[in-house]
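See below for the structure under consideration.
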Amino acid sequence: GNSVTQMEGPVTLSEEAFLTINCTYTATGYPSLFWYVQYPGEGLQLLLKATKADDKGSNKGFEATYRKETTSFHLEKGSVQVSDSAVYFCALIDSGGGADGLTFGKGTHLIIQP
Amino acid sequence: NAGVMQNPRHLVRRRGQEARLRCSPMKGHSHVYWYRQLPEEGLKFMVYLQKENIIDESGMPKERFSAEFPKEGPSILRIQQVVRGDSAAYFCASSPFRREDYEQYFGPGTRLTVT
């Protein structure tokens, strides 16, 4: 079946630090990959996505590249802000795997200190 | 354009009662997904519905849980005879297309507490 593994949190960084959150996946078919962000008390918002190998998704200074050879989709940002504090979820959807829903990692809680 | 709406936001039920969670998708969206977020776990897919049809319920528990998306009105996730293990956040998402590369838009969730 499909699965997503991402680094456990919480991850605590100082403002303006470089961020990497690792994400690897297993999939039956050829999935599309997503990063979602969840702020306290809210639902998930799409941060970025990539639908084929070597695609780079980017938004709000965040980037992730679809690496088929390493089955990875690591999230990066060059300089984090306090407002980036949230829970980040890596996810995939794989029509070849049968289910129509997203498969999520467990989430990484990011805390940015001023 | 209003986003995905869920109500209630918080629901408290005693063991053995029924819980009904409602989801109104974004305007123009006819595809609805339900997910459950248990403590210390990630979100798990439960069911995918289109208007009047259940398309994929591979993530639904076999007993006590049901879902519908009628021609008119919101989608409903129904949990009969709730137990403490049903305490979780339930999220609904919607999409205009059934395409794996298309975004699902999430609601704010319903937090169910079973006492």
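The values are calculated or read from the model by the stated rules, or taken from the named source; none is laboratory data. Just so you know, these numbers come straight off a predicted model, no measurement behind them. Glycine also receives a Cβ, built like all others from the backbone with ideal geometry; neighbour counts cover every protein chain displayed. These area figures cover heavy atoms from the full protein model, side chains too; ligands, DNA and RNA do not enter into them. Shrake-Rupley method; radii C 1.70, N 1.55, O 1.52, S 1.80 Å.
Numbers below:
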| read-out | value |
| --- | --- |
| Among A:41, A:29, A:57: highest mean-square fluctuation, GNM of chain A, C-alpha pairs under 10 Å | A:41 |
| Per residue value of the accessible surface for the protein assembly as shown (all protein chains in place, 1.4 Å probe), Å² | 48 Å² |
| Residue-count net charge about residue B:109 - beta-carbon cut-off 11 Å; Lys, Arg +1, Asp, Glu -1 | +2 |
| Most mobile of B:39, B:96, B:70 in a GNM of chain B (Cα contacts under 10 Å) | B:39 |
| Pairwise FRET efficiency - residue B:111 versus residue B:50, Cβ, R0 = 25 Å, nearest 0.05 | 0.40 |
| Gap separating the Cα centres of segment B:19-66 and segment A:28-92, nearest whole Å | 23 Å |
| Entries of A:49/A:77; A:68/A:106; A:49/B:71; A:106/B:71 with Cα pairs more than 23 Å apart | A:49/B:71; A:106/B:71 |
| Contour excess over end-to-end distance, with Cα ends at residue B:17 and residue B:5 and 0.36 nm allotted per residue | 1.9 nm |
| Long pairs among A:60/B:62; A:56/B:44; A:60/B:44, criterion Cα-Cα beyond 32 Å | A:60/B:62 |
